[in-house]
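The values are calculated or read from the model by the stated rules, or taken from the named source; none is laboratory data. These numbers come from a predicted model, not from an experiment. Cβ placement follows ideal geometry from the backbone for every residue including glycine, while neighbour counts extend to all protein chains displayed. The area values use the complete protein model at the heavy-atom level, side chains included, leaving out ligands, DNA and RNA. Shrake-Rupley method; radii C 1.70, N 1.55, O 1.52, S 1.80 Å.
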Amino acid sequence: MTYPDYNTYTKLYGRYLKKGPERFFSKANPEGKSVLDLCAGGGQLSKYALEHGATNVLMVDLARQMLDPDFKGLGRTNRIETEVEGFLACNKIQYDIVVCRQAVNYWFKNVEGEDIARMVKKGGMFVFNTFGNKPSETPTVREYYHEGVAYKELSYLIDGKIYHTQAATGIPPHFTVFDWISWEEYSNKLAPYFNIEEMVEGPSSMWYCWKV
């Protein structure tokens, strides 16, 4: 799977990125805290955490080209280029806040609940967003305009995998494949280690998980 560069990524997924990073920290103030940003992408969540007083941030993302070229890190950021599964297998450090924006479906099925819990300090939080509705097995096209640009999304489900193509006028399309994960799967894996609150936002939802 190939990943777009920062400019292409922000243009293709602008509608979703418009929903600001503050949602990920609404129940976990980053001031004075350590933050782990899984699948950090362009670095929007990391930047927000640093600007709001995080003591340090670790960004984990395989694709260097997705990072905002203007991201400076404010001197308190490190970055590891690896898959989340590999990072969790060797990580020995715990963080106050762990966030994952629009990417948990790429790795969640490949790790155990204890692997996730091990990276969060007691009383800390794991926060992520994900799909709320199971996609159709029939290819579905969604069309919309965002900031004057016409978009089309094609997605469908095959054997538990979501196949998704994102296209927009004047921009090369982006194709991805990731897991469909049900509410029950998330809950069963996380509930032994976290107190969970889910907030539904239309077809998607935010998950706030407090480490017990």
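Some observations on this one:
- Look at the dipole of the stretch 33-90 built from charges on Cβ: of C39, F71, F87, the Cα furthest out on the positive end belongs to F71.
- Protein heavy-atom accessible surface, 1.4 Å probe, per residue over the stretch 81-174: 52 Å².
- Simple Cβ-charge dipole of the stretch 1-141, Lys/Arg +1 and Asp/Glu -1, about Cα centre, in debye nearest 20: 380
- Lys, Arg +1 and Asp, Glu -1 on Cβ, resulting dipole of the stretch 85-212 about Cα centre, debye, nearest 20: 340
- Database remark: amide H of G124 closer than 5 angstrom to the amide H of K211 (H placed geometrically; neighbours at sequence offset of 5 or more, or on other chains; Pro and chain starts carry no H).
- Longest exposed-site-free window of the chain, the sites being GluC sites (Glu not before Pro) in a DSSP loop that have at most 13 other C-beta atoms within 10 Å: 148-212
- Averaging Cα coordinates gives a centre for the stretch 68-111 and one for the stretch 151-203; these two points are 18 Å apart.
- Net +/- balance of residues flanking E143 in space, Cβ distance below 13 Å, scoring K and R +1, D and E -1: +2
- Out-of-range pairs (alpha-carbon distance over 20 Å; input K47/K72; K11/K109; K18/K47): K11/K109
- For the chain, calculated [θ]222 nm from helices alone, where every DSSP H run of n ≥ 4 adds -39500 (n - 2.57): -4500 deg cm²/dmol
- The phi torsions of the stretch 21-27, fed into the Karplus equation with coefficients 6.51, -1.76 and 1.60 and a -60° offset, translate into couplings of x, 4, 4, 6, 10, 5, 10 Hz, rounded to whole numbers, with Gly and Pro shown as x.
- Taking a sphere under 10 Å around the Cβ of R79 and counting the other residues whose Cβ falls inside, with K and R at +1 and D and E at -1, yields a net charge of -2.
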